Amino acid sequence: MTNLVDVAKTIVIKVGSSLMVNQEKGDLREGWLKSLAEDVYELRQREKQVVIVTSGSVALGRKYITTTKRPLKLEEKQAAAACGQPKLMHKYQEFLGKNDIPVAQVLLTVFDSENRRNYLNAKNTLETLLANGVVPIINENDTVATEELRFGDNDRLAARVAQMISADLLILFSDVDGLYTGNPRLDDKARHIPEVREITRHIEDMASGALSDGVGSGGMVTKIEAAKIAMSGGCSMILASGKEKHPVIELERGAKHTVFLSHENPHSARKSWIASSLQISGEVIIDDGALNALKNGKSLLPAGVLDVIGKFDRGDTVAIKNSRLEKVGVGLCAYASDEARLIMGQKTKDIESMIGFSGRSELIHRDNLVLADGKEDAS
């Protein structure tokens with residue numbers, strides 16, 4: 001099978017608490033984290049963009065809240081996270097900084113993935129960081145998240161992030177080396193599954209333990225949920241053990257894993273989502289010059305817009321129509337309708353003076369539009 005790490009351009013790496021923290025002492029496994037940082041450096045040398053979704057803040061900080069082994073209450077988890085997160089980020093900064101790799105802390109909640117404005121802001125921030133060579137270090141915002149708003153695990157958070165930035169590959173490093181037909185810790189006959197091309201009910205039953213006397217395989221349900229999210233966004237996912245140092249290098253050397261293979265790429269998956277899954281909130285009428293530009297793979301600039309119809313917010317889906325009012329496509333608009341009306345027909349350099357702030361140069365970016373005849377250049 002093709003080395004997915006080698007062909008991927010953007011990779012999201014998720015690491016669990018069991019890998020980051022010595023569970024007995026509550027101390028960071030610094031040698032392991034240093035090896036991961038060296039792996040990230042090697043990926044960067046191969047011109048790959050890398051995002052890390054990390055656990056560990058609660059495990060690192062709990063010793064400041066309680067010395068007992070009992071489960072923490074929600075408010076205690078939030079306090080522990082507040083204590084542990086600075087220590088966690090300091091070490092990421094230290095180890096990646098040894099190779100002059102800048103890092104940024106990004107804390108998210110489920111609200112940020114479901115609220116349109118928050119989603120767009122998070123997406124734009126992450127894409128800007130990556131474009132400037134910064135490695136985002138993402139964790140769930142445990143300090144402010146409530147039980148109703150929590151992702152509850154960083155597997156699904158990592159999948160949402162991969163979907164958000166159109167990543168090619170998501171790697172979940174855990175204490176398990178893949179999907180099995182049963183719980184390998186309890187079932188000697190459990191068989192390892194190297195590749196999954198579709199998340200069927202059978203696969204879900206495997207993860208939940210429905211096929212093995214009701215015994216789940218240790219957090220596997222959330223990993224299957226993460227795979228579903230990633231694959232729907234055109235992103236393949238690898239589930240592998242990260243116990244050994246240099247987990248990425250070990251993976252490329254053939255360490256046992258399960259790959260959840262997406263049938264689409266992130267670009268085509270996003271185009272399909274835009275074309276079929278979103279409600280139309282308004283219209284933009286464009287001139288023939290702008291239409292020709294779109295067919296050649298260009299973005300829609302304000303200068304090519306003749307009119308804006310309806311009321312919509314930034315990030316809403318709008319129909320794109322030609323000067324004869326024929327629908328030629330759909331897209332996600334970078335401006336609210338009131339702002340779009342102010343800048344339509346104007347040159348990009350005049351946007352700031354028209355609306356009072358410096359926004360995006362394009363009204364609809366080429367990655368966020370689909371033409372009705374499918375002739376836009378995907379390059």
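No value in this document is a laboratory result; all are computed from the given coordinates. Given the structure is predicted, the values throughout are model-derived calculations rather than measurements. Cβ: placed from backbone, ideal geometry, glycine included. Neighbour counts: every protein chain shown.
Worth pointing out:
- Evaluated at q = 0.12 Å⁻¹: base-10 log I(q)/I(0), Debye formula over Cα of region 4-270: -0.71
- The long axis of helix 30-45 is offset from the longest Cα principal axis of the chain by roughly 30 degrees.
- Given 327/347; 223/243; 311/349; 14/69; 91/228, the pairs whose alpha carbons are separated by over 28 Å: 91/228
- Rounded to 10°, Cα long-axis angle of helix 220-232 versus longest principal axis of the chain: 20 degrees
- Computed over region 57-119, the alpha-carbon pair-distance distribution with 10 angstrom bins reads 20, 33, 33, 14, 0, each value a whole percent.
- Mean separation of Cα contacts under 8 Å, 6 or more apart, over the residue count of the chain: relative contact order %: 14 percent
- Taking label points 7 Å from Cα along the Cα-to-Cβ direction, residue 281 and residue 185 give a separation of 4.5 nm.
- Farthest toward the positive end of the dipole of the chain, out of 272, 130, 342, is the Cα of 130, where the dipole comes from beta carbon charges about the Cα centre.
- Per residue, the convex hull volume that the Cα atoms of region 216-370 enclose (Å³): 171 Å³
- Mean separation of Cα pairs under 8 Å and 6 or more residues apart, divided by the residue count, gives region 238-379 a relative contact order of 25 percent.
- Test item: Cα-centred dipole of the chain, Lys/Arg +1 and Asp/Glu -1 on Cβ, debye: 380 debye
- Shown for region 278-371 is the translational diffusion coefficient from the Stokes-Einstein equation, using the Kirkwood radius over Cα pairs, a temperature of 25 °C and a viscosity of 0.890 mPa s: 194 µm²/s.
- Residues with amide H under 5 Å from that of residue 50, placed H, sequence gap 5 or more: 11
- Qualifying trypsin sites (Lys or Arg not before Pro) for region 59-90 [loop in DSSP, other Cβ within 10 Å: at most 12]: 69, 73
- Relative contact order [Cα under 8 Å, 6+ residues apart], region 231-283, whole percent: 47 percent
- Of 181, 125, the sequence from fewest to most neighbouring Cβ atoms within 10 angstrom is 125, 181.
- Calculated FRET efficiency, residue 64 to residue 313, Cβ-Cβ distance, R0 = 45 Å: about 0.60 to the nearest 0.05.
- Spacing of the modelled spin labels on residue 75 and residue 201, each 7 Å from Cα toward Cβ, amounts to 4.5 nm.
- Between the Cα long axis of helix 266-276 and the first principal axis of the chain there is an angle of about 60°, rounded to the nearest 10.
- Each of residue 253 and residue 45 was given a label point 7 Å from its Cα along the Cα-to-Cβ line. The distance between the two points is 1.5 nm.
- Helix-only CD estimate at 222 nm, as mean residue ellipticity for the chain, using -39500 (n - 2.57) per DSSP H run (n ≥ 4): -11000 deg cm²/dmol
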